[in-house]
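This report concerns only the one structure given below.
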Amino acid sequence: MSMRGEAFLEHVQERGEYRTREEAERAARVVLALLGAHLVGTVRAELAARLPETYALILLNPLQAAEPLSPERFVRATAAWIEGATEKTALWDIGAVLSTAAAAAGDALTHEVLLQLPPGYDLLFGHPQPT
């Protein structure tokens, strides 16, 4: 069952310590659009099913990526898409959004998502994997 839109944004806003809903929404839209370009098949569909409809559609209609971005490049791309962001603030935005998405997805699906991503994304999701 998907998380309601208000609850999802509340979690992002709380985790990101954003002053406004708009800041949380901007971060959620950019991060999920970039993430969607890296996921395929049932994993992307299952994650979308756990998100509110607005964010599910963003994940399912992602920004285009020519190749999978390393975590570092994902941070830089996020910073480039959020007006006034730096790599440090983008890392904060990513953590707020992806940890909320991971909470909505649950551990098993988050593990499946991480299997589709380059090494290092586990830290962006707040789910460090044993080495």
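On inspection, E46 passes the criterion of being more than 12 Å from the chain's Cα centre (by Cα), assigned to a helix (DSSP H, G or I) and surrounded by 14 or more Cβ atoms within 10 Å (Cβ to Cβ). When we screen H127, H111 for residues that are out of contact with any Cys (no Cβ under 8 Å at 6 or more places or on another chain) and not in a helix (DSSP H, G or I), the only hit is H127. Taken over the stretch 100-127, the criterion of being within 12 Å of the chain's Cα centre (by Cα), touching a residue at least 60 places away in the same chain (Cβ under 8 Å) and surrounded by fewer than 19 Cβ atoms within 10 Å (Cβ to Cβ) is satisfied by A103 alone. Answer yes or no as to whether V40 is open to solvent by less than 20 Å² (accessible area, probe 1.4 Å) and of a type in the set (A, V, I, L, M, F, W, C). Criteria not met by V40. Can L63 be described as over 21 Å from E10 (Cβ atoms) and part of a helix (DSSP H, G or I)? It is false that L63 is over 21 Å from E10 (Cβ atoms) and part of a helix (DSSP H, G or I). Quick check on the stretch 66-78. Is at least one of its residues touching a Gly at 6+ places or on another chain (Cβ under 7 Å), in a loop (DSSP other than H, G, I, E, B), on the phi < 0 side of the Ramachandran plot and surrounded by fewer than 19 Cβ atoms within 10 Å (Cβ to Cβ)? So far as the stretch 66-78 goes, yes, one or more of its residues are touching a Gly at 6+ places or on another chain (Cβ under 7 Å), in a loop (DSSP other than H, G, I, E, B), on the phi < 0 side of the Ramachandran plot and surrounded by fewer than 19 Cβ atoms within 10 Å (Cβ to Cβ). Number of residues in the stretch 1-34 that are in a helix (DSSP H, G or I), without any contact (Cβ under 8 Å) to a residue 60 or more places away in the chain and among the hydrophobic types (A, V, I, L, M, F, W, C): the value is 4. Looking only at the stretch 37-54, decide whether some residue is in contact with a Leu (Cβ under 8 Å, 6 or more places away or on another chain), modelled with pLDDT of 95 or more, closer than 19 Å to Q116 by Cα and among the small types (G, A, S). The answer is yes; a qualifying residue exists.
The values are calculated or read from the model by the stated rules, or taken from the named source; none is laboratory data. Everything numeric here is computed off the predicted structure, so don't read it as measured data. Ideal geometry is used to build each Cβ from the backbone, glycine not excepted, and the neighbour counts take in all protein chains shown. Ligands, DNA and RNA are stripped out before the accessible areas are found, and what is left, the full protein with its side chains, is counted by its heavy atoms. Shrake-Rupley method; radii C 1.70, N 1.55, O 1.52, S 1.80 Å.
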